[in-house]
Amino acid sequence: MKQEILFSGIQPTGKIHLGNYLGAIKQWIDLQDKYNSLYCVVDLHALTISQDPQTYGQQILEVAMDIIALGLNPKKLFIQSHVPAHAELAWYFNTLTPMGEMARMTQYKDKAQKNANNVNVGLFDYPVLMAADILLYHATVVPVGQDQVQHLELTNILVKKFNNKYGTTFAEVKPYVTKAAKIMALNEPTKKMSKSLGDAYCLYLNDTEEIIRQKVSRAVTDSGPQMDGQMSEGVKNLFFLLELLGDKKVQTKLLTQYNDKTIKYSELKNAVADSVVNFLKPFWAARTRLSKNPKAVLKTLTDNGKRVAKIADKNLAEIKKKIGLI
Ligand code: TYM
């Protein structure tokens, strides 16, 4: 049987946070050899927010180095703008996309509100480019966090519309979502950890140990275990991070203390900070090694882009034929 194709992407909008890792990149790494996998730094998507041309290239490379240092096979990663077919396919999809579907997108509404001075057409069209990223390779498996699921629903609407109009071409995509699909902010645990909220809300992979300990120590908790045994959002969030990254024994011990109402939240926070720091130590070491030779990383990404572009161009040619272009 032919191996299913996996595609996923991340925007080079700055630093990668623990939500990006636990919600998506961890799955990229876990699944990279299970599927025919392609991973992309989506530099065209990130242009929907104003980027500084002086530093943007470096920013793209930094994110790529982060992902490789986390354990992704460098051969599987490429830069979106190196494969022009993504943007071309997005145009064909634009002509099939109802405005109404796009106006419903919660991420668009959210981002438009946060960047009221730069609500550009690209921001509106963003999910169509995302559909093109995926369908250009006939990918069906897409590991993402919860906030991208609505975009994948739109992708499936486009699958149906294209197939109905031009004949069966694309298969439906399946979001690959885990229980870590929505990591919350430590200092406002009802909100998702997100760069757009501000640095204090995110545990960045490249934060120093000191900053991580400081951010975790400032996490919101409550006045102590409640009589009804219901955990507050903040405490739940700390236990969840411990479950995802920590030592099982420590987690069980602290949970017992919570139920006995003998827990000290300072100990819970220390345990969470330890687990994050222990997880990050090998990453920091690998990242330092990679940073010594960014040119080699760029060369790999560029070579990958050339290889991927051949597949993309071939697929695009077939799609154009279906549309009737000559
Ligand atoms: P981006 O760059 O915003 O985020 C990258 C991935 O991280 C996930 N994520 C989270 N997961 C759990 N908890 C959080 N707090 C959290 N914050 C972010 C995101 O869901 C995402 O999976 N549109 C995409 C990039 C993209 C893409 C694609 C993804 C472009 N084309 C094609 C898949 C397939 C985005 O902006 O992700």
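Numbers at a glance
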| item | result |
| --- | --- |
| Within segment 33-131, helices (runs of 4 or more DSSP H) holding 1 or more residues that are in the same structural domain as THR302 (by TED's automatic domain parsing) and more than 30 Å from LYS292 (Cα to Cα) | 85-94, 99-103, 106-114 |
| Test: residue in segment 167-175 that is open to solvent by 20 Å² or more (accessible area, probe 1.4 Å), more than 10 Å from the ligand (Cβ to nearest atom), in a strand (DSSP E or B) and within 27 Å of LEU38 (Cβ to Cβ) | yes |
| Selected residue (criterion: farthest from ASN120 (Cα to Cα)) from residues of segment 18-30 that are open to solvent by 10 Å² or more (accessible area, probe 1.4 Å) and in contact with a strand residue (DSSP E or B) (Cβ under 8 Å, 6 or more places away or on another chain) | GLN27 |
| From the options THR13, THR106, THR95, THR55, residue that is within 13 Å of the ligand (Cβ to nearest atom), of a type in the set (S, T, N, Q) and open to solvent by 50 Å² or more (accessible area, probe 1.4 Å) | THR106 |
| THR256 touching a Pro at 6+ places or on another chain (Cβ under 7 Å), open to solvent by 10 Å² or more (accessible area, probe 1.4 Å) and either closer than 30 Å to LEU158 by Cα or in a helix (DSSP H, G or I) (or both) | no |
| Every residue from segment 31-46 that is buried (at least 19 other Cβ atoms within 10 Å of the Cβ) and more than 14 Å from ILE67 (Cα to Cα) | SER37, ASP43, LEU44, HIS45, ALA46 |
| Inter-residue pairs, beta-carbon under 7 Å, first within 14 Å of LYS2 (Cβ to Cβ) and in segment 30-42, second more than 10 Å from the ligand (Cβ to nearest atom) and among the polar types (S, T, N, Q), 6+ apart | TYR35/GLN3; ASN36/GLN3 |
| Segment 182-197 residues that are assigned to a helix (DSSP H, G or I), paired with ones that are more than 6 Å from the ligand (Cβ to nearest atom) and basic (Lys, Arg) (beta carbon under 8 Å, 6 or more apart) | LYS195/LYS15; SER196/LYS111; SER196/LYS114; LEU197/LYS191 |
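The values are calculated or read from the model by the stated rules, or taken from the named source; none is laboratory data. Predicted, not measured: the structure shown is a model, and the values here were computed from it. Heads up, the Cβs are rebuilt from the backbone with ideal geometry, glycines too, and the neighbour counts pull from every protein chain shown. Surface accessibility is based on the protein's heavy atoms, side chains included, excluding ligands, DNA and RNA. Shrake-Rupley method; radii C 1.70, N 1.55, O 1.52, S 1.80 Å.
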